[in-house]
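Engineer: Pasting in a structure now, in structure tokens, and then I'll have a few things to ask.
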Amino acid sequence: MKALTRIPIFSYNTIATTLVTDSKSLEIKFRKKFINLETLFELESILAWSASHPEVQSLYITVYGDHFIQGIDPEEFIKGHKNPYDFMLRAEIPRSSKLVMVDEHGVDHQTQNICRYYISDKGMDLVKVMPPVNPTKEEQVWVNHELMDEVVISSKVDIAKYEKKGYVFSKTVETPCPDRRLGIEAGWKCKVTNDMDSFDWDINYQYYIERTWKLIDFADENNEGEDDTE
């Protein structure tokens with residue numbers, strides 16, 4: 001029988017993975033007999049990596065979540081967890097971009113490009129601000145001499161709109177393109193804790209509970225699939 005080619009891919013604190021190239025399967029093995037938040041975050045990064053690599057066509061989970069299988073409620077487990085570091089997430093962006101916290105008034109507060117944060121009930125939006133793909137774009141200046149007004153526009157819809165209002169073309173100009181903005185944990189409020197003194201137990205547990213159930217359901221589905229093939 002031909003020996004399978006096995007390549008170690010990840011070796012985290014709680015999870016180890018091996019790529020079986022012959023079957024294009026990624027074996028995920030838990031080092032512990034229980035799932036904690038660190039395990040969930042490590043598993044999520046593995047799943048994200050697998051989704052972008054065509055050499056992984058199936059996943060095989062060998063051990064997972066005995067505590068959850070035996071009936072301990074994930075919500076109870078997470079809300080009773082007392083190690084703040086297990087709730088921490090990490091953002092890292094290149095020097096060409098910047099990371100900002102956006103308050104309720106829409107004001108940016110820049111933070112470090114590599115930062116630690118958690119999902120909070122009292123946090124702010126965490127946003128990655130990237131330079132535009134092109135520094136400038138070509139637009140048109142249209143003027144209305146009667147109203148003594150001018151507008152800078154580029155879309156065909158806007159041009160038609162202002163032309164109907166009596167505006168006439170004046171000139172073409174180069175205008176700066178705005179920065180691109182991407183929400184980190186879009187829809188959830190974050191609190192940066194590069195200094196753990198700023199940590200408070202205002203954790204939005206719902207975020208962690210939802211992520212936990214998604215991963216548990218994923219593990220269930222994959223193990224059921226393996227059972228069906230035996």
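Engineer: Give the residue, chosen from TYR118, TYR162, that is assigned to a helix (DSSP H, G or I) and of a type outside the set (D, E, K, R). Let's see the steps before the verdict.
Structural biologist: On the way: TYR118 fails: assigned to a helix (DSSP H, G or I).
Result of the check over TYR118, TYR162: TYR162.
Engineer: Restricting attention to region 43-60, and to residues there that are buried (at least 18 other Cβ atoms within 10 Å of the Cβ) and modelled with pLDDT of 70 or more, which single residue is farthest from ALA16 (Cα to Cα)?
Structural biologist: VAL56
Engineer: Are there any pairs with C-beta distances below 7 angstrom linking a residue in region 84-112 that is in contact (Cβ under 8 Å) with a residue 24 or more places away in the chain to a residue that is outside any strand (DSSP E or B) and among the charged types (D, E, K, R), with the two at least 6 apart or on different chains, and if so which?
Structural biologist: These pairs meet every condition: ASP86/GLU38.
Condition check ((1) of a type in the set (Gly, Ala, Ser); (2) assigned to a strand (DSSP E or B); (3) out of contact with any Pro (no Cβ under 8 Å at 6 or more places or on another chain); (4) crowded, with 17+ Cβ neighbours inside 10 Å) across all residues:
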{"site": "SER96", "(1), (2), (3), (4)": "yes, no, no, no"}
{"site": "LEU99", "(1), (2), (3), (4)": "no, yes, yes, yes"}
{"site": "HIS109", "(1), (2), (3), (4)": "no, yes, yes, no"}
{"site": "LYS122", "(1), (2), (3), (4)": "no, yes, yes, no"}
{"site": "ASN134", "(1), (2), (3), (4)": "no, no, yes, no"}
{"site": "TRP142", "(1), (2), (3), (4)": "no, yes, yes, yes"}
{"site": "GLU146", "(1), (2), (3), (4)": "no, no, yes, no"}
{"site": "VAL151", "(1), (2), (3), (4)": "no, yes, yes, yes"}
{"site": "ASP158", "(1), (2), (3), (4)": "no, no, yes, no"}
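Engineer: Let me ask something else. Could you tell me whether THR212 is within 20 Å of GLU42 (Cβ to Cβ), surrounded by 13 or more Cβ atoms within 10 Å (Cβ to Cβ) and at pLDDT 80 or above? Step through it out loud before you land on a result.
Structural biologist: Working: within 20 Å of GLU42 (Cβ to Cβ): yes; surrounded by 13 or more Cβ atoms within 10 Å (Cβ to Cβ): yes; at pLDDT 80 or above: no.
The answer is no for THR212.
Engineer: In region 2-41, how many residues are at pLDDT 65 or above and closer than 21 Å to HIS53 by Cα?
Structural biologist: 25
The values are calculated or read from the model by the stated rules, or taken from the named source; none is laboratory data. All figures in this text were calculated on a predicted structure; none of them were measured in a lab. Quick reminder, even Gly has a Cβ in these numbers, built from the backbone with ideal geometry, and neighbours come from all protein chains shown.
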